[in-house]
Every structure is written in C-alpha cells, then in structure tokens.
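Report on the following structure.
The values are calculated or read from the model by the stated rules, or taken from the named source; none is laboratory data. For clarity, every value in this text was computed on a predicted model and none was experimentally measured. Using ideal geometry, Cβ is built from the backbone for each residue, glycine included, and neighbour counts are taken over all protein chains shown.
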Amino acid sequence: MNAERFTAVPSSSETADDGSTFGKVPGLPPLASGADRVPPTFDVIIAGCGPTGAMLAAELRLHDVRVLVVERETEPVSFARIVGLHIRSIELMAMRGLLDRLRERGRRRPAGGFFAGIDKPAPKDLDSAHAYLLGIPQPVVVEQLEQHAIQLGAQVRRGYAVAGFVQDDDGVTVELADGEQVRARYLVGCDGARSTVRKLLGVAFPGEPARTETLMGEMAAGAPQEEIAAKVKQIGATIQRFWLRPLGGGAYSVVMPAAGVSERAEPPTLDDFRQQLRAIAGTDFGVHSPRWLSRFGDATRLAERYRVGRVLLAGDAAHIHPPTGGQGLNLGIQDAFNLGWKLAAQIRGWAPDTLLDTYQAERHPVAENVLDNTRAQMELSSAEPGARAVRRLLTELMDLDEVNRRLIEKISAIDIRYDFGEGPDLLGRRLPDITVKQGRLYGLLHRGRGLLLDRTERLTVGGWSDRVDHLADPTAQLDAPCVLLRPDGHLAWIGDDQRDLDERLSYWFGRPAS
C-alpha cells in the first residue's frame, strides 16, 4: 500500500449532508520513508468510546492487543436515556461474563411488542436462555463496557478528537486535534453518525436524508395521570409516534412527531415540547423539570465499505437508521463482537489471509437488513390511510405464531445466519446458551477464544490449542455430534471427522502452532 494522507478538508468550514460541520486542521508532516517510520506505540487506536468503541476495546484486550481509545467528549453523556439490550446482545454479554453486572442495573421486560410498536407478546419458546429485553440507561451500558475495557488494560483518553491520519504499509499515524501524533497498526472509527474517520477516509455514505423528526425526552407533568392516559389513547389511534408513558414519581417518557425537520441535530427545548404538545393534544399537560431532551430523524444510510486498508468502521460510523425497534446500540455492539477477535488475530499473526475481510462480508448484509426493517417500521407509523391499513393487516397477521416469531427474531438479531458455505441449517448461526457438564455454555467463552464442543470424546484441537478450547462432553444438549464455535458464538463447523475439523480450524484460526 502506498502511504495515504487523510486530513480535514482545506476550507475553513464545511457542512455535511447530515448537518454536522468540520473545519481545517493542521496537516501532518511529510511522510517518512519506510526505514524512518516510528514503530507503532499501539496496535489499535479506536476513535469513539461509546458502546461500540468500548466493546471493541475490551474484545481486543482479551487477546493482549495494545489499545488506545480516544473520545472527543470530556465526560460521558449525563442524561439517562433508556435503551434496550435485545436477546442477541444479552447473549453476548453473558459470553463475556458481563450480564450479571448489567442486569443489576437494568430491568427485564418482555421481548415482544417492538416491531413498529405493535403490541404482540413474544412466543414462550424462543430459542434462547435469555429471551427477554433488558431496559437499561445508555450511560450505564457505556460506563460498564468502558470499565470492563480499562480493567482488561485498554487506555482511554477523553477530550481527544481525531483530526487526520496517514496510513501506510506498516500502520496508521493519527493526528489528534491538539496536534499530538499517535501511531498504531490499525485505526477503527467508532465515532458515531457524523464520523470524522469515515469522512476523512472518503467512504461514501449513501441512503436517504431525514424526512421526519421525532421529539423524545423525560420530564414531569402536572396533569392527572388519568387525563394524560385518556388523551394518549385517543391520539394514539391515528398518530403512532405519540405517547406519554409514566415512569413513576410524576415523570413521563414523552415521544411525539416534531413540527418539521431541523437543519442541525441540536437538542430541543422544553418550549419546543410544550408547543408541539399543544398543537397535537390541545394541551401541554403542564410538563416541566425535564431530565433530558432529544430529537431524532429517520435518515437511513449505510457506508459502502467497512474497511480501507488499515482503517475500519463500526457502529453508527458505518450505518444510521431510525431508532424504531431499538436496534441501533445492539447493532453496534454486535459489530464490535464480530470485528474484535478477527482484528486481534490479524495483529497476533495467526489470522488466515481472508479473515479480516469477513468482517464486512458478514456485517454489511446484517446492517442492510436492519435498515430495511426500520424503513418498514417507519412507514407503518405514518398516519396516511394506506399505511394505517397495512398496519391493521400486519397486526392481524402477527396473531399467527410464525409471523410474530419471525419479526421478533429479526428485531432481536437471533435470526442471523452468516454464509459459511454449504452445510446444515445451523451452520453460520449462533449457538444458544445450552447446558453442558460445567454449567452453561457461555460461561466457557469469557476469554474470547474458539471452542470445540465434542460429544464423541475422540476429537482434538491439536496445534490450535493456543486459540481454541476443547470440551469433551457427551451430555451436552446438542443435536449434533460435535461443533466448532468461533469466539463470537457462531457455528463454524458441524460434524465428527477429525480431518474435516482440521480444515475448518485452518480456515478460521490459521495455521496450527508448531
């Protein structure tokens, strides 16, 4: 690879199509020759310490990768917006031993009723030991994942922003906004929807701009709860994106359509909420004392590429979509889980040639599917007669178990099947947290390694034992003789033949150690 420089645009200020701005910064010094380049101080620099960046840092540290996370904001977000961890993300937290500490700080809720807000219960026999949603404040998720990464040895610097970078055959030199330069072997942009890394990299971000906006916040209300509930029920019959849900202590979660689409993603004011409540409901319900206020649009975009050389994208830096169904945070965490072990393998020197390429090959289609289902959900929230008719029809169809199950599995991401070639239907899918002789399966995956689950008790991982664990357990609740799990819990092989297993071990985990 020839050395390439990526710095901010030369104009003093430019506005992106999503309303964000970025300006001129000092250029990096002339590129050094190969012999003069400074060896990387870190293996990976991660831009952004949100859920995706923190999760990725922790995953890399499980493999002793030197990680620096730089975050523009000096302090974590203070407002306690409630988010939901869906089934697949809950499973991933269990795989790394994080679930108990998150459950202590969250609230279990039923897994149903999330597709377009259509209130249907989840089937009782969903294929997961964690078939629920975990409602939890987003700052708590970030705090716990960041602490986890730091405890594993990651460095986190707040108040530092990426201003430019140069990549070459050996690594990436990153310039921070204060002029400091840091060098690493790889750079990963986890810096959100207005990703500086993505913009400087020049990766196209096609899709649709926002057509509608929604106000969202938490605040107190002076009107009686019975009055509020009656008005919400009346309006909700025609306007899907309108509710005031009691949180206790006189506080409410408030969601409603905004009056229009703003040019900038600036937080709204309490007066904005009052005015829009009066316009829709004829009263502002005496709202006061906001905890936090926000707005979101329905812009939908997907990066054309997740990787350019030694620079990668993950989370909202790679894809944005409306929060309908609560999939955004989950999608980013799952990106990090998919990328972490693969990038670590590349750095540790045992990755097969194509392993890092499978990150985009696997995750880009998943994001495409999420973008499509959020598009569909937004259409179903429209007050237009046609959309309302389709919503009534879908509501009726969801009384069929197969339809309801399919939509819940889609929202919760337990339906994902990566394309690993021909084989049984289970190949490429995630394995649920089954019972094994040592307890639960996910308890064996805390170290982020592969796992051979061997019911025959006659196979071996041989020269891959430094990367793959082996559990011989004829009692495992598994409808297959043996399976090979990747570190992200997806089934990479199913069978009982040692030679066939060795081929799959080589494909996913590289050459065996001498």
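Please state which of the following conditions I411 fails to meet, knowing it meets all the rest: (1) in a loop (DSSP other than H, G, I, E, B); (2) under 23 Å from H130 (Cα atoms).
(1)
Answer yes or no: is there a residue in segment 408-421 that is under 16 Å from A94 (Cβ atoms), of a type outside the set (S, T, Y) and crowded, with 21+ Cβ neighbours inside 10 Å. It would help to see each step written out before you state the result.
Let us first name the residues in segment 408-421 that are under 16 Å from A94 (Cβ atoms), namely 412-414.
Still in the running and of a type outside the set (S, T, Y): 413-414.
Now narrow it down to the ones that are crowded, with 21+ Cβ neighbours inside 10 Å: 413-414.
Scanning segment 408-421 turns up at least one residue that is under 16 Å from A94 (Cβ atoms), of a type outside the set (S, T, Y) and crowded, with 21+ Cβ neighbours inside 10 Å.
If I go through segment 233-266 residue by residue, how many of them are in contact (Cβ under 8 Å) with a residue 40 or more places away in the chain and within 23 Å of E379 (Cβ to Cβ)?
To start, the set of residues in segment 233-266 that are in contact (Cβ under 8 Å) with a residue 40 or more places away in the chain comprises 235, 238-241, 244, 251, 253, 255-258, 260-265.
Narrowing the set further to residues that are within 23 Å of E379 (Cβ to Cβ) leaves 235, 238-241, 255-258, 260-262, 265.
Here the count works out to 13.
Could you check R455 against (1) in contact (Cβ under 8 Å) with a residue 24 or more places away in the chain; (2) more than 22 Å from the chain's Cα centre (by Cα); (3) on the phi > 0 side of the Ramachandran plot and say which number it fails?
(3)
This table checks each residue for (1) more than 28 Å from the chain's Cα centre (by Cα); (2) within 19 Å of W341 (Cβ to Cβ).
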residue	(1), (2)
I416	no, yes
L426	no, no
G443	no, yes
R447	no, yes
L459	yes, no
S465	yes, yes
A472	yes, no
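Quick check on my filter: what residues within segment 459-493 are among the hydrophobic types (A, V, I, L, M, F, W, C), part of a strand (DSSP E or B) and under 24 Å from D353 (Cβ atoms)? Spell out how you get there, then give the answer.
First pass over segment 459-493, keeping only residues among the hydrophobic types (A, V, I, L, M, F, W, C): 459, 461, 464, 468, 471-472, 476, 478, 480, 482-485, 491-493.
When the remaining residues are screened for being part of a strand (DSSP E or B), the result is 468, 471-472, 482-485, 491-493.
Residues satisfying the conditions are V468, L484, L485, L491, A492, W493.
So, in segment 84-114, exactly how many residues are crowded, with 22+ Cβ neighbours inside 10 Å and not in a loop (DSSP other than H, G, I, E, B)?
Number satisfying all stated conditions: 11.
Quick grid of which residues meet (1) hydroxyl-bearing (S, T, Y); (2) more than 16 Å from the chain's Cα centre (by Cα); (3) at pLDDT 95 or above:
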| residue | (1), (2), (3) |
| --- | --- |
| L302 | no, no, yes |
| R307 | no, yes, yes |
| L312 | no, no, yes |
| N330 | no, no, yes |
| L339 | no, no, yes |
| A351 | no, yes, yes |
| T358 | yes, yes, yes |
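Since D169 meets every condition but one in (1) farther than 30 Å from T196 by Cβ; (2) touching a residue at least 40 places away in the same chain (Cβ under 8 Å), which condition does it not meet?
The failed condition is (1).
Any residue in segment 197-206 that is of a type in the set (G, A, S) and crowded, with 17+ Cβ neighbours inside 10 Å? I'd like the intermediate steps shown before the answer.
Kept after step one, since they are of a type in the set (G, A, S), are these residues of segment 197-206: 202, 204.
Filter again for crowded, with 17+ Cβ neighbours inside 10 Å, leaving none.
Checking segment 197-206: not a single residue is of a type in the set (G, A, S) and crowded, with 17+ Cβ neighbours inside 10 Å.
Within segment 397-405, does at least one residue satisfy the condition of being surrounded by fewer than 16 Cβ atoms within 10 Å (Cβ to Cβ) and touching a residue at least 40 places away in the same chain (Cβ under 8 Å)? Show your work before the answer.
Taking segment 397-405 as the starting set, the residues that turn out to be surrounded by fewer than 16 Cβ atoms within 10 Å (Cβ to Cβ) are 397, 399-403.
From what is left, the residues that are touching a residue at least 40 places away in the same chain (Cβ under 8 Å) are 399, 401.
Yes, there is a match, as at least one residue in segment 397-405 is surrounded by fewer than 16 Cβ atoms within 10 Å (Cβ to Cβ) and touching a residue at least 40 places away in the same chain (Cβ under 8 Å).
Just to verify a result, which residue in segment 126-176, among those that are of a type in the set (S, T, N, Q) and in a strand (DSSP E or B), is farthest from R310 (Cα to Cα)? Talk me through it step by step, then tell me what you get.
Going residue by residue through segment 126-176, those that are of a type in the set (S, T, N, Q) are 128, 138, 144, 147, 151, 155, 167, 173.
With the extra rule that they be in a strand (DSSP E or B), the set shrinks to 155, 167, 173.
Values: Q155: 20, Q167: 7, T173: 11 Å.
Out of the qualifying residues, it is Q155.
State yes or no: is R375 among the basic types (K, R) and under 27 Å from P209 (Cβ atoms)? I'd like the intermediate steps shown before the answer.
Numbers: among the basic types (K, R): yes; under 27 Å from P209 (Cβ atoms): yes.
Yes; evaluated as a whole, the condition is true for this residue.
Here is a list: P487, P512, P481. Which entry is closer than 23 Å to A336 by Cα and surrounded by 14 or more Cβ atoms within 10 Å (Cβ to Cβ)? First the steps, then the outcome.
Working: P512 fails: closer than 23 Å to A336 by Cα; P481 fails: closer than 23 Å to A336 by Cα.
On inspection, the qualifying residue turns out to be P487.
Against the condition assigned by TED's automatic domain parsing to the domain that holds A345 and not basic (K, R), how does Y252 come out, does it pass? Let's see the steps before the verdict.
Values: assigned by TED's automatic domain parsing to the domain that holds A345: no; not basic (K, R): yes.
No.
Would you confirm whether or not segment 381-396 contains a residue that is surrounded by fewer than 16 Cβ atoms within 10 Å (Cβ to Cβ), modelled with pLDDT of 95 or more and within 18 Å of A480 (Cβ to Cβ)?
Scanning segment 381-396 turns up no residue that is surrounded by fewer than 16 Cβ atoms within 10 Å (Cβ to Cβ), modelled with pLDDT of 95 or more and within 18 Å of A480 (Cβ to Cβ).
Checking the structure you have, find out if any residue of segment 172-192 is surrounded by fewer than 17 Cβ atoms within 10 Å (Cβ to Cβ) and closer than 26 Å to E379 by Cβ.
no
Taking only segment 267-305 into account, find how many residues are farther than 14 Å from P257 by Cα, basic (K, R) and surrounded by fewer than 19 Cβ atoms within 10 Å (Cβ to Cβ).
2
Can you name every one of the strands (runs of 3 or more DSSP E) wholly within segment 198-315 that holds 3 or more residues which are under 26 Å from L329 (Cβ atoms) and of a type outside the set (S, T, N, Q)?
Values: elements: 213-220, 243-248, 251-257, 288-297, 300-302, 311-313.
Once the strands (runs of 3 or more DSSP E) in segment 198-315 are filtered for at least 3 residues that are under 26 Å from L329 (Cβ atoms) and of a type outside the set (S, T, N, Q), what remains is 213-220, 243-248, 251-257, 288-297, 311-313.
Say we look at segment 115-137 and pick out the residues that are modelled with pLDDT of 90 or more, in contact with a strand residue (DSSP E or B) (Cβ under 9 Å, 6 or more places away or on another chain) and more than 24 Å from L431 (Cβ to Cβ); which of these is surrounded by the most Cβ atoms within 10 Å (Cβ to Cβ)?
Among those that are modelled with pLDDT of 90 or more, in contact with a strand residue (DSSP E or B) (Cβ under 9 Å, 6 or more places away or on another chain) and more than 24 Å from L431 (Cβ to Cβ), it is I136.
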